[in-house]
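Chemist: I'd like to ask some things about the structure below.
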Amino acid sequence: MNSMNSGALLITFTHVYKPERSNKFMLHMLHKGEIKQAIIVRSDLEMSKGKTVAQGAHASLMSFFEAERTDRGITKKWLEQGEKKIVLKTENEESLVKLYNAFKYKKVPCALVADAGLTELPPGTKTALGVGPWMSEELDDITGRLKLL
């Protein structure tokens, strides 16, 4: 008579949800709403077009990696949906940092870009903010007043 070996059951979780958000809410948002990424650039800096694009690219990648660490399900869906992005502007460093703090407070993945200072700007200049990818509704709550770049 053959006996079956009972093996260990391995369960892995690929989605990480914030404790203050219920799984039911997150599933609803994933199925209902769209997902996008916001890139916010300071308009008071006199950066060349190339420098502006580079800072936006840094913001996009850095915030993607933050979102990936927070919830892989959201980033996966965003990639499948075509990687929707919106590029906005804000007036100065103070407003950029306020936006960053607002997103951090709401536990939305984001990344603040500080320039290395090798070309046009002094080292440490805060140039851009990347947010998400995340649920559009949550981004719009904070960025709704901003204008397109």
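Chemist: Under 7 Å by Cβ, and 6 or more places apart or on different chains, what pairs join a residue from the range 123-149 that is acidic (Asp, Glu) with one that is surrounded by fewer than 18 Cβ atoms within 10 Å (Cβ to Cβ)?
Modeler: Final answer for the pair search is GLU137/GLY33; GLU138/LYS106.
Chemist: One residue is enough: does the range 123-143 have a residue meeting the conditions within 14 Å of the chain's Cα centre (by Cα) and open to solvent by 40 Å² or more (accessible area, probe 1.4 Å)? Steps first, please.
Modeler: Initial filter on the range 123-143 (within 14 Å of the chain's Cα centre (by Cα)): 128-140, 142-143.
Checking the rest, the ones that are also open to solvent by 40 Å² or more (accessible area, probe 1.4 Å) come to 137, 140.
Within the range 123-143 (the criterion being within 14 Å of the chain's Cα centre (by Cα) and open to solvent by 40 Å² or more (accessible area, probe 1.4 Å)), the answer is yes, since at least one residue qualifies.
Chemist: Out of ALA38, ALA102, ALA57, report the one residue that is in contact (Cβ under 8 Å) with a residue 60 or more places away in the chain and of a type in the set (A, V, I, L, M).
Modeler: ALA38
Chemist: Is at least one residue of the range 102-124 among the β-branched types (Val, Ile, Thr) and touching an Asp or Glu at 6+ places or on another chain (Cβ under 8 Å)?
Modeler: Just the residues of the range 102-124 that are among the β-branched types (Val, Ile, Thr), to begin with: 108, 113, 119.
Now drop any that are not touching an Asp or Glu at 6+ places or on another chain (Cβ under 8 Å), which leaves 108.
Yes, the range 102-124 contains at least one residue that is among the β-branched types (Val, Ile, Thr) and touching an Asp or Glu at 6+ places or on another chain (Cβ under 8 Å).
Chemist: Taking the residues in the range 32-73 that are among the acidic types (Asp, Glu) and farther than 19 Å from LEU96 by Cα as candidates, determine which candidate is surrounded by the fewest Cβ atoms within 10 Å (Cβ to Cβ). Steps first, answer last, please.
Modeler: First, the residues of the range 32-73 that are among the acidic types (Asp, Glu): 34, 44, 46, 66, 68, 71.
In the following step, the residues that additionally are farther than 19 Å from LEU96 by Cα were identified as 34, 68, 71.
Numbers: GLU34: 13, GLU68: 15, ASP71: 22.
Result: GLU34.
Chemist: Specify which of the listed residues (ALA38, ALA67) is of a type in the set (A, V, I, L, M), at pLDDT 95 or above and touching a Phe, Trp or Tyr at 6+ places or on another chain (Cβ under 7 Å).
Modeler: On the way: ALA38 fails: touching a Phe, Trp or Tyr at 6+ places or on another chain (Cβ under 7 Å).
Just one listed residue meets the conditions, ALA67.
Chemist: Right, something else. Whether any residue in the range 63-73 is at positive phi and assigned to a loop (DSSP other than H, G, I, E, B) is what I want to check. Break it down stepwise before answering.
Modeler: As a first pass, look at the range 63-73 and keep what is at positive phi: none.
No, the range 63-73 contains no residue that is at positive phi and assigned to a loop (DSSP other than H, G, I, E, B).
The values are calculated or read from the model by the stated rules, or taken from the named source; none is laboratory data. Given the structure is predicted, the values throughout are model-derived calculations rather than measurements. Every residue, glycine among them, receives a Cβ derived from its backbone with ideal geometry; neighbour counts consider all protein chains shown. Heads up: the accessible areas ignore ligands, DNA and RNA and are worked out on the full protein's heavy atoms, side chains in. Shrake-Rupley method; radii C 1.70, N 1.55, O 1.52, S 1.80 Å.
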